[in-house]
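To start, the structure itself, in structure tokens.
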Amino acid sequence: MNHPQEAARFLANAKRAKWHDEALWFVRSKRDMAAADIPEWEQLRQQASQIKAHTIANLKTYLQQFEQKATDLGAHVHWARDASEHNTIVQSILRDHGARRIVKSKSMLTEECQLNPHLENAGFEITDTDLGEWIVQLRNEPPSHIVLPAIHIKKEEVGELFHQKLGTRQGSADPDYLTESARNTLRKSFLQADAAITGVNFAIAETGGIVICTNEGNADMGTGLPGLHIACMGIEKIIPRAEDLALFLRLLARSGTGQPITAYTAHHHGPRPDGQLHIVLVDNGRTEILKQEAFRNSLHCIRCGACMNTCPVYRRSGGHSYGYTIPGPIGSILASARDPKAFYTLPYASSLCGSCTDICPVNIDLHHQLLAWRSEITRQKILPLPKRLAMAALSHLMRRPRLYRLFGAISRSIGRAIPRTLLYCRFNVWGRQRELPPLPKKSFRRMFQQEAARREEKQHEK
Amino acid sequence: MKKNSMKSKQSILDSITDFESAAWELPPRATFGITYDDPIAQFSKILKTVGGTAIRVPNTQALLEELATLDFLAPASNIYSAIPEFLPSTVDLAHTDTPQQLHDLDVALVRGELAVAENGAVWVTDELLRHRVVLFIAEHVILIVSVASVLQNLHEAYEQLSFGKPQYGVFISGPSKTADIEQSLVFGAQGPRTLTVFLLDEEPAA
Amino acid sequence: MRVGLFIPCYIDQLYPNVGIATVRVLERFGVDVDFPENQTCCGQPMANIGCDRAAAPLAEQFFATFRHYEHVVCPSGSCTAMVRHHYQKYLGHHEGFETLRNSVYELCEFLTDVLHIGPLEGDFPHRVGIHQSCHGLRELRLAESSERVAKPFSKPHSLLESLRGIELVSLSRGDECCGFGGTFAVTQEAVSCSMGNDRIRDHEQAGTEILTGVDMSCLMHMEGLLRRQKKPMRVMHLAEILCQSGAHCR
């Protein structure tokens with residue numbers, strides 16, 4: 001994958017790119033207002049970050065405690081080392097229950113593990129019930145944002161899609177009408193479902209409970225109807241105590257969408273009296289990240305999406321340009337951990353402006369981690385050789401002040417002398433849309449020296 | 001499968017080294033949290049912004065009067081009410097074998113244990129609710145909360161909640177909603193189209 | 001007071017007048033300026049691309065050049081941030097590094113935090129738009145960023161606002177990145193220019209006549225777009241405004 005290329009393609013439709021940027025900026029603005037309502041906001045971020053740091057420092061203990069408590073409550077806990085184990089576990093639970101039709105609420109983990117295609121190939125019928133997720137499922141594409149999966153799609157396109165798939169009126173793009181049509185269709189899926197699969201926002205070690213946040217209530221509709229509930233979670237979702245939820249829930253929805261809390265925040269402690277609860281704990285590379293001190297705190301992420309909404313690059317390149325389940329700043333870090341070679345352009349898909357770091361509700365130093373990944377990419381010699389050589393050459397030049405002066409003077413005079421067509425030839429990427437600065441005859445140091453000399457003369461005359 | 005899972009468990013745990021460090025101490029319980037001079041007003045204001053309606057009533061009589069004005073109640077034929085004194089049930093959960101049978105539920109009325117001023121959320125559990133799906137499958141949900149149990153913020157709420165036994169509990173803040181189509185807010189995305197919270201001054205008889 | 005002047009390489013080569021303005025401003029406030037000849041580049045381009053081995057010797061060179069100054073002043077937020085926040089991994093082993101790190105100041109913060117100059121007297125009858133460069137903003141905290149919930153402040157604003165005749169515009173996105181980002185400007189040319197154009201549009205709508213900031217690199221990027229599109233908005237480094245306005249203490 002090549003982010004700059006994909007981004008350029010996205011930006012080629014300038015009107016649409018502007019629309020995308022403004023839609024996300026609107027969410028960012030709502031977040032700002034929601035955060036401003038809480039005077040202790042920065043304190044919340046600080047404490048949430050500390051709790052996450054503490055938890056991943058004691059992850060083994062907390063995972064075991066969680067398993068024990070959840071089991072005591074009657075849940076079944078499963079462990080999966082990687083995506084394929086996860087998918088196999090889910091499939092066999094479904095098979096054991098004779099389940100075929102599944103309703104699934106939003107779970108980035110199951111996206112990461114590619115659960116849908118796995119189950120579909122095995123003959124299961126799986127419906128993503130979050131409206132945005134369902135839209136992208138019907139379009140046969142991945143979500144472009146972790147909280148707003150269909151943020152890249154225009155309502156006219158949803159209208160057309162629903163017209164084709166659900167038989168809604170042709171040409172209607174009214175969100176109320178389209179949502180109502182989706183509701184009616186999805187309601188049938190809920191009522192017919194044999195099992196519900198959900199993600200997990202938080203898992204409480206102290207109590208063995210899991211917490212699932214939605215606005216549509218689709219996770220609860222799912223877990224409230226069929227008796228079988230499979231909850232899939234990355235092992236970093238653990239928090240120590242129930243009371244810690246106060247911090248995280250205060251931060252999560254405000255950061256993500258600017259809401260004071262999601263419409264539904266469900267706490268499942270054990271299965272329904274008439275049902276079963278299976279919790280699948282998934283590693284899939286997380287323990288590898290844990291081992292790398294520089295990148296460890298990327299596991300603090302609570303998947304609020306704020307770093308995407310605020311990222312000026314994400315807003316202008318779209319989630320699909322990242323080519324990874326999780327896009328934006330945090331996605332670039334996680335993708336690099338998964339495969340630094342395949343995703344090496346992602347840490348460079350940032351101007352390092354640091355807005356992500358300042359907005360992150362759990363204080364992940366996102367832009368510094370992106371920079372650290374760049375070092376890693378260079379160290380592993382993944383960065384193309386010409387770039388590495390260019391930087392080495394520049395370094396050699398800059399280590400020789402006299403050579404630097406000479407080189408600067410010559411470059412400036414050549415730049416001034418050569419014809420414009422040559423200066424702005426196609427290799428001048430800077431110059432495609434921008435002028436180069438007018439090249440001065442004298443450098444600063446030359447001017448400074450001359451001035452100093454003149455002053456000395458004056459002093460002398462006196 | 002269970003055997004494989006055990007092997008995976010061991011392998012995952014083996015690849016984690018807990019690194020105890022003073023720098024990563026678990027911070028003590030949060031002692032901060034915004035408070036409001038009038039938590040009831042704050043709760044009502046926030047609930048309104050998230051699409052719900054809060055109605056404060058001094059006593060049962062006033063509650064009954066307010067209930068009578070709810071326009072969705074008159075045409076409702078399938079009603080589940082946890083408090084028959086307030087609203088008679090037409091649906092008997094004890095004789096409803098599967099939650100799917102509740103598919104045409106019009107209204108659900110249940111009691112909320114506590115409410116949070118900061119975010120307009122009401123805590124509801126399934127302790128007395130055989131099919132918790134009533135909270136989601138009903139077209140309209142009515143929650144009854146005692147004014148005395150309106151708390152300032154989430155920290156206060158979690159101080160009161162306990163999670164020792166198998167139970168389902170949910171914070172409900174407004175009706176079901178989505179903004180997945182071009183950020184246009186639509187209520188009744190999957191679940192309830194409306195949420196009405198009655199804040200009752202006089203503690204209802206248990 | 002004598003300070004070591006740290007002039008970023010691109011200012012030295014491309015914007016000498018910004019360097020001269022910096023000298024003039026410092027001298028006007030009674031500071032003697034030394035320009036150590038051995039300085040070239042702080043190594044930020046190499047460090048930002050991840051080439052630490054290319055950046056490290058330049059950090060060493062910087063250390064050798066500036067270690068003996070009590071104060072080092074630089075008319076760039078980004079280069080100052082490089083020293084303050086990213087030199088640790090190259091120079092952490094040097095005994096004097098902590099001292100050097102704490103002695104390097106971006107021009108605005110030197111004026112407000114070290115010289116403690118109060119409201120300035122001077123004339124600048126123009127509508128001015130301040131671009132908050134990201135590294136000055138979020139690494140040096142020259143101003144409070146829009147993401148954080150805290151009392152707002154802005155050192156660049158506080159330096160300019162008391163000048164006679166100046167009108168500081170307010171923007172719809174007060175501190176969004178312009179998209180320069182060092183090599184990002186070239187490797188992500190499409191996104192970079194889109195970001196720059198959006199900033200320019202915001203300033204146009206706010207009525208900015210002169211666009212200023214603490215980082216000439218961001219300004220160079222936006223100036224490049226402005227000049228290509230033949231737009232009338234002018235670009236000046238904040239030091240140039242302070243210099244031209246004759247700003248001095250009341």
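The values are calculated or read from the model by the stated rules, or taken from the named source; none is laboratory data. Since the structure is predicted, the reported quantities are computational estimates derived from the model, not experimental observations. Ideal geometry is used to build each Cβ from the backbone, glycine not excepted, and the neighbour counts take in all protein chains shown.
Some observations on this one:
- Residue pairs meeting the criteria (Cβ under 7 Å; at least 6 apart or on separate chains; first facing chain A (nearest Cβ under 8 Å) and free of Cβ contacts under 8 Å to residues at least 24 places away in the same chain, in region C:179-208; second crowded, with 22+ Cβ neighbours inside 10 Å and of a type in the set (K, R)): C:V191/A:R316; C:S194/A:R316; C:M195/A:R316
- Selection of region C:161-204 for residues being touching a His at 6+ places or on another chain (Cβ under 8 Å), assigned to a loop (DSSP other than H, G, I, E, B) and surrounded by 22 or more Cβ atoms within 10 Å (Cβ to Cβ) yields C:C178, C:G179, C:F180, C:Q188.
Residues checked against (1) more than 23 Å from C:Q132 (Cβ to Cβ); (2) more than 7 Å from chain C (Cβ to nearest Cβ); (3) within 18 Å of the chain's Cα centre (by Cα):
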| position | (1), (2), (3) |
| --- | --- |
| A:S336 | yes, yes, yes |
| A:K341 | yes, yes, no |
| A:S351 | no, no, yes |
| A:L383 | yes, no, no |
| A:K387 | yes, no, no |
| A:N428 | yes, yes, no |
| A:G431 | yes, yes, no |
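- Selection count, region B:57-86, where residues are part of a loop (DSSP other than H, G, I, E, B), closer than 15 Å to B:L200 by Cβ and not aromatic (F, W, Y): 5
So that you can scan it fast, the table gives a plain yes or no per residue for (1) over 30 Å from A:A182 (Cβ atoms); (2) within 14 Å of chain C (Cβ to nearest Cβ); (3) part of a loop (DSSP other than H, G, I, E, B); (4) not aliphatic (A, V, I, L, M):
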| residue | (1), (2), (3), (4) |
| --- | --- |
| A:F26 | no, yes, no, yes |
| A:S29 | no, yes, no, yes |
| A:P39 | yes, yes, yes, yes |
| A:Y62 | yes, no, no, yes |
| A:A70 | yes, no, no, no |
| A:P117 | no, no, no, yes |
| A:E120 | no, no, no, yes |
| A:G123 | no, no, yes, yes |
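- Single condition A:D21 does not satisfy, out of (1) without any contact (Cβ under 8 Å) to a residue 24 or more places away in the chain; (2) within 9 Å of chain C (Cβ to nearest Cβ): (1)
Okay, residues lined up against (1) surrounded by 16 or more Cβ atoms within 10 Å (Cβ to Cβ); (2) in a helix (DSSP H, G or I); (3) of a type in the set (V, I, T); (4) at pLDDT below 95:
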position	(1), (2), (3), (4)
A:Q170	no, no, no, no
A:L178	yes, yes, no, no
A:V200	yes, no, yes, no
A:I212	yes, no, yes, no
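- Strands (runs of 3 or more DSSP E) enclosed by region B:114-191 - at least 1 residues per element that are of a type in the set (A, V, I, L, M, F, W, C) and more than 8 Å from every other protein chain (Cβ to nearest Cβ): B:114-116, B:121-125, B:140-146
- Residue match in region C:146-157 (condition: in contact (Cβ under 8 Å) with a residue 40 or more places away in the chain and either of a type in the set (D, E, K, R) or crowded, with 16+ Cβ neighbours inside 10 Å (or both)): yes
- Options A:I102, A:I151, A:I135: the member that is buried (at least 21 other Cβ atoms within 10 Å of the Cβ) and under 29 Å from B:S5 (Cβ atoms): A:I102
- Test: residue in region C:153-167 that is under 17 Å from the mean Cα position of the chain (by Cα), modelled with pLDDT of 95 or more and under 30 Å from A:A7 (Cβ atoms): no
- Failed item in (1) modelled with pLDDT under 95; (2) in a helix (DSSP H, G or I), with A:D274 passing the rest: (2)
- Region A:363-387: number of residues that are of a type in the set (D, E, K, R), surrounded by fewer than 19 Cβ atoms within 10 Å (Cβ to Cβ) and closer than 17 Å to C:V186 by Cβ: 1
- Test: residue in region A:77-89 that is closer than 25 Å to A:G209 by Cα and of a type in the set (F, W, Y): yes
- Residue among A:G222, A:G234, A:G285, A:G256 that alone is under 21 Å from the mean Cα position of the chain (by Cα) and within 18 Å of A:N116 (Cα to Cα): A:G234
- A:T265 vs. criteria hydroxyl-bearing (S, T, Y) and in contact with a strand residue (DSSP E or B) (Cβ under 9 Å, 6 or more places away or on another chain): yes
- Screening A:A242, A:A246, A:A231, A:A266 for residues that are under 27 Å from B:P28 (Cβ atoms), outside any helix (DSSP H, G or I) and assigned by TED's automatic domain parsing to the domain that holds A:W134 leaves exactly one candidate, A:A242.
- Of everything listed in (1) β-branched (V, I, T); (2) without any contact (Cβ under 8 Å) to a residue 12 or more places away in the chain; (3) in contact with a Phe, Trp or Tyr (Cβ under 8 Å, 6 or more places away or on another chain), the single unmet condition for B:I144 is (2).
- Test set (1) in contact (Cβ under 8 Å) with a residue 60 or more places away in the chain; (2) crowded, with 23+ Cβ neighbours inside 10 Å; (3) more than 11 Å from chain B (Cβ to nearest Cβ) - A:A231 fails condition number: (1)
- Being away from chain A (no Cβ under 13 Å) and at pLDDT 95 or above is a description that does not apply to C:S133.
- Within region C:28-39, the set of residues being within 11 Å of another protein chain (Cβ to nearest Cβ), touching a residue at least 24 places away in the same chain (Cβ under 8 Å) and surrounded by fewer than 23 Cβ atoms within 10 Å (Cβ to Cβ) comprises C:V33, C:D34, C:F35, C:P36, C:N38.
- Boolean, A:S411 is surrounded by fewer than 16 Cβ atoms within 10 Å (Cβ to Cβ), within 11 Å of chain C (Cβ to nearest Cβ) and of a type in the set (S, T, Y): yes
- Residue among C:I241, C:I210 that alone is closer than 28 Å to C:L120 by Cα and either at pLDDT below 95 or surrounded by fewer than 21 Cβ atoms within 10 Å (Cβ to Cβ) (or both): C:I210
- C:A56 of a type in the set (G, A, S) and free of Cβ contacts under 8 Å to residues at least 40 places away in the same chain: yes
- Scanning region A:154-168 for residues that are surrounded by fewer than 16 Cβ atoms within 10 Å (Cβ to Cβ), touching a residue at least 12 places away in the same chain (Cβ under 8 Å) and either in a loop (DSSP other than H, G, I, E, B) or within 12 Å of chain B (Cβ to nearest Cβ) (or both) gives a single hit, A:E156.
- When B:L105 is tested against (1) over 17 Å from the mean Cα position of the chain (by Cα); (2) closer than 22 Å to A:T185 by Cβ; (3) outside any helix (DSSP H, G or I); (4) within 8 Å of chain A (Cβ to nearest Cβ), just one condition goes unmet, and that condition is (4).
- Only one entry of A:K60, A:K69, A:K52 meets the criterion of being of a type in the set (D, E, K, R), under 17 Å from A:P240 (Cβ atoms) and without any contact (Cβ under 8 Å) to a residue 24 or more places away in the chain, and that entry is A:K60.
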